[in-house]
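Reviewing the structure listed below.
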Amino acid sequence: MKHNGTSTPASEDYLKTIYAHTEWQPEPISPSALAARLGIAPSSVTEMVKKLAAAGLITHVPYGPLYLTPVGLLRASAVVRRHRLIETWLVREMGYDWDEVHDEAEVLEHSLSDRLLDAIDERLGRPAVDPHGDAIPAADGSVTARAGIVAAEAGPGLVGVVLRISDRDPVVLRGLARDGIGPGTVLARLGPGVVRLPNGSIRHLTDAEAASIWLAAEPTEEPRAESKR
């Protein structure tokens, strides 16, 4: 990806973070929340926000929430596409576990050529989602919307397919993977923090796990556990 005054690794990280913030919930991100997510000083965010706004990539009022413009959305989706394709490639082709790919992708997303990225996409079969279940935008920026509900807020009795699991916490990812919980797993919510797995076993979720799992909003049929003899 070619860089100019408003397309640098730093600016791309800003756009990607703003984009990801509203993928699974409707509230726009505030400058203070953006600073916290990026782990930088609010004053630094203020300066970059001014640059992005001047470039027509975001809109905002002082101290107000940040919104991507159509041009900013297209730029952000391109960065997100790179990041998630790289994560998928690292898991499928390079032997990485899903809790190890985020930091690697953070570095590689700024350096891979468009030609190599397209070759990776083709080799992987043009995947629609990454290893965590997050949608991979198409080259034109389009994505297929999916309705979901976070497990911590799901009502008792809901049986839903896991759509995605937040990749923010590697410890959470490792813990869920040990019990075979990932995108595509059908979970039955029995009560606060308690779910039944497809094999019939009961799993108590930590608060962090319950806040990281997103289930399909449409209920599904719970698979029958195999009888033990």
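The values are calculated or read from the model by the stated rules, or taken from the named source; none is laboratory data. As the structure is a prediction and not an experimental result, all values here were calculated from the model. All Cβ positions, even for glycine, are placed from backbone atoms using ideal geometry, and neighbour counts span all protein chains on display. Surface areas here come from the heavy atoms of the whole protein model, side chains and all, with no ligands, DNA or RNA. Shrake-Rupley method; radii C 1.70, N 1.55, O 1.52, S 1.80 Å.
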* Asked: Among G155, I86, V171, whose Cα sits farthest toward the positive end of the charge dipole of segment 85-173 (+1 at Cβ of Lys/Arg, -1 at Cβ of Asp/Glu, about the Cα centre)?
  -> G155
* Structure fact -> Amide H neighbours of V129 at under 5 Å, excluding residues fewer than 5 places away on the same chain, with H built from the backbone geometry, are I136
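Per the 1.4 Å probe, what fraction of the accessible area of segment 9-140, in percent, lies on carbon and sulfur atoms? Write out the running numbers ahead of the final one.
Values: 3770 of 6540 Å².
Carbon and sulfur atoms account for 58 percent of the accessible area of segment 9-140.
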* Asked: Rounded to the nearest 20 Debye, what is the dipole magnitude of segment 94-229 about its Cα centre when Lys and Arg each give +1 and Asp and Glu each give -1 at the C-beta?
  -> 880
* Share of alpha-carbon pairs per 5 Å distance bin for the chain, given as whole % -> 1, 6, 13, 17, 17, 16, 13, 8, 5, 2, 1, 0, 0, 0
* To do: List the equivalent ellipsoid semi-axes of segment 76-181 in whole Å, largest first, each obtained as the square root of 5λ for an eigenvalue λ of the Cα gyration tensor.
  => 26, 17, 11
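Under unit Cβ charges (Lys, Arg +1; Asp, Glu -1), what dipole magnitude, rounded to 20 debye, does segment 65-125 have relative to its Cα centre? Please list the in-between numbers first.
Values: 7 positive and 13 negative charges, 81 e Å.
My answer is approximately 380 debye.
What's the carbon and sulfur percent of segment 161-208's accessible surface, probe 1.4 angstrom, rounded to a whole number? Working shown, then result.
On the way: 1250 of 2310 Å².
Accessible surface attributable to carbon and sulfur in segment 161-208 totals 54 percent.
Heavy-atom accessible area per residue, segment 22-139, 1.4 Å probe: how many Å²? It would help to have the intermediate numbers written out before the result.
Working: 6120 Å² over 118 residues.
Roughly 52 Å² per residue, with all protein chains present.
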* To do: Taking the chain as the reference, fit the longest principal axis to its C-alpha atoms, fit the long axis of helix 9-21 to the helix C-alpha atoms, and give the angle between the two in degrees, 0 to 90, nearest 10.
  => 40
* Treating the angle as unsigned and between 0 and 90°, give the value, to the nearest 10°, between the Cα long axis of helix 70-94 and the longest Cα principal axis of the chain. => 50
* Asked: Using modelled backbone amide H atoms (1.01 Å from N, in-plane), which distant-in-sequence or interchain residues come within less than 5 Å of G148's amide H?
  -> A217
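Let me know the shape class of segment 1-69, please: from the alpha-carbon gyration tensor, a ≥ b ≥ c as square roots of the eigenvalues, rounded when a/c is under 1.5, otherwise prolate if a/b is greater than b/c, or oblate. Could you put the intermediate results ahead of the total?
Working: a/c = 1.40, a/b = 1.28, b/c = 1.09.
Since a/c stays below 1.5, the shape of segment 1-69 is classed as rounded.
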* Asked: Using +1 on the beta carbon of Lys and Arg, -1 on that of Asp and Glu, and nothing else charged, what's the dipole of the chain about the Cα centre, debye to 20?
  -> 240
* Asked: Which angle between 0 and 90 degrees, to the nearest 10, do you get for helix 114-123 versus the longest principal axis of the chain when only C-alpha atoms count?
  -> 20
* Structure fact -> Among Q25, L66, G56, the residue whose Cα sits farthest towards the positive end of the charge dipole of the chain (+1 at Cβ of Lys and Arg, -1 at Cβ of Asp and Glu, taken about the Cα centre) is Q25
